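Enquirer: I have a structure here, written as structure tokens, and I will follow up with some questions on it.
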Amino acid sequence: MKNMLGVLARRSFRASRMRNLIAVLAIMLTTILFTTVTTIGMGATESITLTMQMLKGSRSDGDFHNMTVEQYEALEGADFIREYGLRMPVGFLTNTTRHNIEFDVLDSVQADLTFCMPVHGSVPKAENEIVTSDAALRDFGVEPEVGAAVTIAFTAHGREYQMDMIVSGWFEATSEQISMMWAGTTFRDAHPDIFKYTYDQDREMAGTYYSDFVAVSTAGLQEKLDRWVWQMGGDPEAANSDNLSATINAVTNPVLEPMTLLLGAVIIVLFVLCGYLLIYNVFDIAVMQEIRRYGLYRTVGMSRRQIKKLINLQALWLSCVGIPLGLLTGYFVGKATLPYMMRTLSSSYENVAINVNPSPIVFVGAAVLAAFTVFLSIRKPIRVAANIPALEAFRYVEAAGGRKTTKKSTAGNQSVPAGVV
């Protein structure tokens, strides 16, 4: 009987090409709606988050402050950290004109997490090599180019330093007020006097260790950070602690407000309702047009369950065509529409970074919503087709045909003049 159902479904599918086309278009339009809205919503969220991360200067999950070398080395054994960077602050340069430039020692992981990786050139290798932004170089009166010479001045441990450095790489500035200039660990090794640890005596930042990190999982991250700080001798409950502390990056890990979740749920319900009305009407008309066929199936002994399975199978085939087409079309429509929508946010966010990635969440979420909407929309037409008795199906068709005949007959009678035999 399974094979017979498949044969009947294929024959019905091939015999109703126009119905299939309309049904595929309805499913496709519904999927485009879901995919476009999901792409725009997630793209706008990611773009705003990336812009705020660039303004904050970090895309990490959190960071550690004021560590000793022993505490920094202990990060290697922290099982909740996937990767972490190294930042050893030196201080702000004292020979700048208008641009504030912070001079630090970084490694490649830290530079990547804080948007300081050179786009032009390479990372510093020699002790006199640096990487900084184009805005910082122009503040020194130097054109951004690899190999340019820059003289920097700073104060550490009460002593003034002036050094001639070479630009090994540079990147575009993300802020008009402040930039990072950094050297590699070879600079630290060549100048141990700058990086001796005296923070516990005079609160001198040079010599302390900072680290931005990416967590294995953000679930329960605050509790894990607090426990690690306790183990390392810090006090996570002390406000504005001058000793070891750790904070979560609130930009990367925002707290979802109940109103935001409620608004998202309302939007999803509204879109499902719109898709339901569209697909339901298409399938309802299609079932009514073939109601006589289902009556014939009931006459030859087909059960209600088998008729439901027959229509479900055809709906599945139509969905397998309409949903993938809708996903692809909706993604590109959303991607093309997002930049225009982001312009409306320019008053709140300057230099918004547009970020749209083909996330699996977009496609899976839109596909699930579309499939659920199709399943919901065909429930009533399926019940009508499965529950209608065979005789009533024939009467439905005959009644429809009879009305047409009556109209023709009436028209014919009206065309005969009165009194003519």
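The values are calculated or read from the model by the stated rules, or taken from the named source; none is laboratory data. On a predicted model such as this, the values are computed, not experimentally measured, just so you know. Here Cβ is always computed from backbone atoms with ideal geometry, including for glycine, and neighbour counts include all displayed protein chains.
Enquirer: Please state which one of GLN201, GLN231, GLN177, GLN222 is at pLDDT below 95, assigned by TED's automatic domain parsing to the domain that holds ALA74 and closer than 30 Å to GLU143 by Cα.
Expert: Residue meeting the stated conditions: GLN177.
Enquirer: Here's a check for you: in segment 184-210, which residue that is of a type in the set (Val, Ile, Thr) and closer than 19 Å to THR132 by Cβ is nearest to the chain's Cα centre (by Cα)?
Expert: THR185
Every residue, every condition in (1) surrounded by fewer than 17 Cβ atoms within 10 Å (Cβ to Cβ); (2) of a type in the set (Lys, Arg); (3) within 31 Å of the chain's Cα centre (by Cα), yes or no:
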{"site": "GLN110", "(1), (2), (3)": "no, no, yes"}
{"site": "LEU113", "(1), (2), (3)": "no, no, yes"}
{"site": "PRO118", "(1), (2), (3)": "no, no, yes"}
{"site": "GLU129", "(1), (2), (3)": "no, no, no"}
{"site": "ALA136", "(1), (2), (3)": "no, no, no"}
{"site": "GLU143", "(1), (2), (3)": "yes, no, no"}
{"site": "GLY147", "(1), (2), (3)": "yes, no, no"}
{"site": "HIS157", "(1), (2), (3)": "yes, no, no"}
{"site": "SER168", "(1), (2), (3)": "no, no, no"}
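Enquirer: Kindly evaluate SER122 against the criterion of being surrounded by fewer than 16 Cβ atoms within 10 Å (Cβ to Cβ), in the same structural domain as THR198 (by TED's automatic domain parsing) and of a type in the set (S, T, N, Q).
Expert: So SER122 fits the description; yes.
Enquirer: Looking at segment 41-82, which of the residues that are of a type in the set (Val, Ile, Thr) and outside any helix (DSSP H, G or I) is modelled with the highest pLDDT?
Expert: ILE81
Enquirer: Identify the single condition in (1) in contact with a helix residue (DSSP H, G or I) (Cβ under 8 Å, 6 or more places away or on another chain); (2) within 22 Å of GLU83 (Cβ to Cβ) that SER179 does not satisfy, given that it satisfies every other one.
Expert: For SER179, the exception is condition (2).
Enquirer: Additional query: Taking segment 130-166 as the search range and keeping residues that are under 21 Å from PRO192 (Cα atoms) and of a type in the set (Gly, Ala, Ser), which one is modelled with the lowest pLDDT?
Expert: The qualifying residue modelled with the lowest pLDDT is GLY158.
Enquirer: Taking only segment 83-99 into account, find how many residues are at pLDDT 95 or above, touching a helix residue (DSSP H, G or I) at 6+ places or on another chain (Cβ under 8 Å) and closer than 17 Å to TYR161 by Cα.
Expert: 1
Enquirer: Are there any pairs with C-beta distances below 6 angstrom linking a residue in segment 36-50 that is under 11 Å from SER359 (Cβ atoms) to a residue that is at pLDDT 80 or above and of a type in the set (A, V, I, L, M, F, W, C), with the two at least 6 apart or on different chains, and if so which?
Expert: THR38/ALA366
Enquirer: Output the residues belonging to segment 234-259 that are at pLDDT below 75 and surrounded by 11 or more Cβ atoms within 10 Å (Cβ to Cβ).
Expert: Once the filter is applied, which keeps residues that are at pLDDT below 75 and surrounded by 11 or more Cβ atoms within 10 Å (Cβ to Cβ), segment 234-259 yields ALA238, SER241, ASP242.
Enquirer: From the list LEU21, LEU25, pick out the single residue that is without any contact (Cβ under 8 Å) to a residue 40 or more places away in the chain, surrounded by fewer than 19 Cβ atoms within 10 Å (Cβ to Cβ) and over 17 Å from PHE332 (Cα atoms).
Expert: Of LEU21, LEU25, the one residue that is without any contact (Cβ under 8 Å) to a residue 40 or more places away in the chain, surrounded by fewer than 19 Cβ atoms within 10 Å (Cβ to Cβ) and over 17 Å from PHE332 (Cα atoms) is LEU21.
Enquirer: Considering only residues that are β-branched (Val, Ile, Thr) and in contact with a strand residue (DSSP E or B) (Cβ under 8 Å, 6 or more places away or on another chain), look in segment 198-217 and name the one that is surrounded by the most Cβ atoms within 10 Å (Cβ to Cβ).
Expert: The residue in question is THR208.
Enquirer: Moving to a separate point now. Determine the pairs where a residue that is closer than 14 Å to ASN95 by Cβ and of a type in the set (Val, Ile, Thr), located within segment 143-158, has a partner that is assigned to a strand (DSSP E or B) and modelled with pLDDT of 95 or more with Cβ atoms under 6 Å apart, the partner being 6 or more residues away or on another chain.
Expert: VAL150/MET165; THR151/ASP164; ILE152/MET163; ILE152/MET165
Enquirer: I would also like to ask the following. Pick out the one residue from SER245, SER217, SER211 that is more than 30 Å from LEU29 (Cα to Cα), in contact (Cβ under 8 Å) with a residue 12 or more places away in the chain and out of contact with any Gly (no Cβ under 7 Å at 6 or more places or on another chain).
Expert: Going through SER245, SER217, SER211 in turn, the sole match is SER217.
Enquirer: Still on this structure, please answer the following. Which of the following residues is in the same structural domain as LEU310 (by TED's automatic domain parsing), at pLDDT below 80 and assigned to a helix (DSSP H, G or I): LEU262, LEU270, LEU296?
Expert: Just a single option satisfies the conditions, and that option is LEU296.
Enquirer: Surrounded by 21 or more Cβ atoms within 10 Å (Cβ to Cβ) and over 25 Å from HIS157 (Cβ atoms): is that true of THR45 in this structure?
Expert: When the stated conditions are applied, THR45 does not pass them.
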